[in-house]
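One structure is given here, and the rest of the page talks about it.
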Amino acid sequence: MTEYKIIDEAYYPDTMTLASYAFNKTLSEERTKLNLEMKKRGYPLGAFQDGILTSQVVVYHYIASVFGVPYKMGGIGEVASYPEYRGGGDAGNLMKLALKTMKENGITISYLAPFSYRYYRKYGYEQLFDQLILTFEPGELPKFKGQGKGKIRRLNLAQGMTDISNVYETYAKAHHGLLMRDEMRYLATQARTPNRQFAIYYNEQNEATGYLVYQMEGETFIIKELITLEQDAFYDLWDFVRGHGMSFKQFQYITTPEQNIAYLLDENTIKQEIKADMMGRIVDFVPFIQAYPFAADLENNLYLSVSDQTAPWNEGLWKLAVKNGKGSLTKFEGIAPKEKMIEGSIQSFTQLFFNYRDAATLQQFGRVLASEEALALLATVLPKGKPELYDYF
């Protein structure tokens with residue numbers, strides 16, 4: 001008989017053995033140490049047969065900024081089974097246990113990097129983030145010119161972590177969807193990609209107001225992250241990139257569609273590629289709405305009919321009220337007026353409240369059912385801004 005439970009710390013080495021076998025990867029000593037520390041802060045879940053760990057799902061505990069509001073977020077990782085146990089439903093049962101565990105521990109939202117979008121849609125996840133890749137030849141790089149009043153320093157992560165963290169945190173709080181990183185998050189990312197390099201922009205007051213994370217791979221210069229808080233930082237960091245034009249045949253800028261700079265170029269002929277990126281879901285709808293930063297009050301109540309097969313606590317017809325910028329959901333047992341009702345899956349409501357897609361678009365493609373009045377009413381209270389994410393786990 002299979003037992004599904006939170007994995008005791010004594011079995012943590014077994015989780016590493018399983019992940020190494022399933023993904024055909026051996027972690028360095030540093031990555032192994034960080035991984036074990038992160039598991040202690042999260043919820044590693046396992047399927048055991050006769051006391052042997054055969055499948056696992058790990059919920060890593062993070063904080064994500066949703067329109068500036070910090071939410072507890074469960075990052076799903078290390079979904080793995082030994083081949084002789086695959087196909088028996090253990091991974092699916094662990095995903096359901098992960099949702100239940102997150103709810104019980106006050107984790108309201110969850111992100112994951114899918115090996116299959118179709119598979120994770122079965123558990124209420126949906127695409128929430130896109131990745132934009134801009135590819136330049138040296139002569140196509142933007143020719144921005146700052147005032148030259150600041151300076152750029154190339155530092156390693158240990159030297160620059162405090163300044164990078166401060167810039168990123170300021171940016172993350174003003175944007176939407178991003179992880180609020182702690183020191184362990186920076187160290188884990190660097191251990192996974194140790195060839196990353198860092199350049200930090202300092203203004204006239206010697207304050208860090210921008211940074212660049214990049215890699216040099218063969219003849220390609222790759223911008224992994226470019227975060228700035230002021231115009232001069234943006235201009236000067238791009239000028240720093242352009243200073244490598246004689247050394248590389250190709251430059252790639254990996255970012256989000258919200259940060260597409262192609263329209264700023266002299267000749268907009270560069271290659272632009274958008275890729276589907278991370279998925280996410282609302283784990284617990286009621287506390288999510290209670291903390292959500294509505295942009296305005298609802299003049300009339302709306303009624304949300306939610307379907308969620310893997311998190312039944314979200315299922316049902318809910319009355320949504322928004323007063324003084326605060327939302328509340330209460331179960332509604334009566335017959336809701338059709339002109340005030342929106343029907344959809346938890347995936348669609350996740351995309352809607354994250355503003356990955358607006359209500360009219362979701363309605364157009366049959367992802368929600370609603371009257372024009374209800375859609376227009378909801379549109380007046382939702383905050384603006386598209387979700388961004390620069391982390392992977």
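Please treat every number below as a calculation from the coordinates, not as lab data. Please read these numbers as outputs of a predicted model, since none were measured by experiment. When we count neighbours, we look across all protein chains shown, and the Cβ atoms used for this are built from the backbone with ideal geometry, even at glycine.
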Unit Cα scatterers, Debye sum, region 297-393: log10 I(q)/I(0) for q = 0.20 Å⁻¹ = -1.04
Of Pro257, Pro312, Pro44, which has the largest mean-square fluctuation in a 10 Å C-alpha GNM of the chain?
-> Pro312
Options Val79, Gln252, Tyr43, ranked by Cα towards positive dipole end of the chain, top entry (Cβ charges) | Tyr43
Taking the Cα centre of each part, how many Å lie between region 157-219 and region 274-297?
-> 25
Using a Gaussian network model of the chain whose springs link C-alpha atoms within less than 10 Å, name the residue from Glu169, Glu140, Glu217 with the highest mean-square fluctuation.
-> Glu217
Could you pull out every residue, at least 5 positions away or on a different chain, whose amide H is within less than 5 Å of the one on Phe294? Hs are placed 1.01 Å off N in the peptide plane, and Pro or chain starts have none.
-> Gly327
Pick out, in residue order, every one of the trypsin sites (Lys or Arg not before Pro) in region 298-390 that is DSSP loop and has at most 12 other C-beta atoms within 10 Å; say none if there are none.
-> Lys384
Calculate the length of the line joining the C-alpha centroid of region 78-135 to that of region 335-375, in whole Å.
-> 24
Counting each DSSP H run of 4 or more residues in the chain as -39500 (n - 2.57), what helix-only mean residue ellipticity at 222 nm follows after dividing by all residues, to the nearest 500 deg cm²/dmol?
-> -8500 deg cm²/dmol
Quick one: among Ser55, Ser20, Ser116, which has the greatest mean-square fluctuation in a GNM of the chain with alpha-carbon springs under 10 angstrom?
-> Ser116
Treat every Asp and Glu Cβ in the chain as -1 and every Lys and Arg Cβ as +1, leave all other atoms uncharged, and give the resulting dipole magnitude about the Cα centre to the nearest 20 debye.
-> 240
Counting DSSP beta bridges in region 249-370, what percent are antiparallel, to the nearest 5?
-> 75
For region 3-112, divide the Cα radius of gyration by the Kirkwood radius and give the resulting Rg/Rh value with two decimals.
-> 0.98
Residue (of Tyr202, Ser116, Tyr21) at the positive-pole extreme of the chain, dipole from beta-carbon charges | Tyr21
Filter the cross-link list Lys72/Lys340; Lys323/Lys384; Lys100/Lys122; Lys40/Lys100; Lys39/Lys100; Lys100/Lys323 down to pairs whose alpha-carbon distance in this structure exceeds 21 Å.
-> Lys72/Lys340; Lys100/Lys323
Protection proxy ranking, peptides 124-131, 62-69, 1-8, average beta carbon neighbours within 10 Å, highest first | 124-131, 62-69, 1-8
Mean separation of Cα contacts under 8 Å, 6 or more apart, over the residue count of the chain: relative contact order % = 18
Percent antiparallel among DSSP beta bridges confined to region 133-275, rounded to 5, stands at 85
About the Cα centre of region 284-381, how large is the charge dipole given +1 on each Lys and Arg Cβ and -1 on each Asp and Glu Cβ? Please answer in debye to the nearest 20.
-> 120
The whole-number value in µm²/s of the Stokes-Einstein translational diffusion coefficient for the chain, with Rh from the Kirkwood sum over alpha carbon pairs at 10 °C and 1.306 mPa s, is 69
Straight-line reach from Lys145: which lysines have Cα under 29 Å away, leaving out those fewer than 8 places along the same chain?
-> Lys173, Lys224, Lys249, Lys271, Lys386
Lys, Arg +1 and Asp, Glu -1 on Cβ, resulting dipole of region 133-275 about Cα centre, debye, nearest 20 | 300
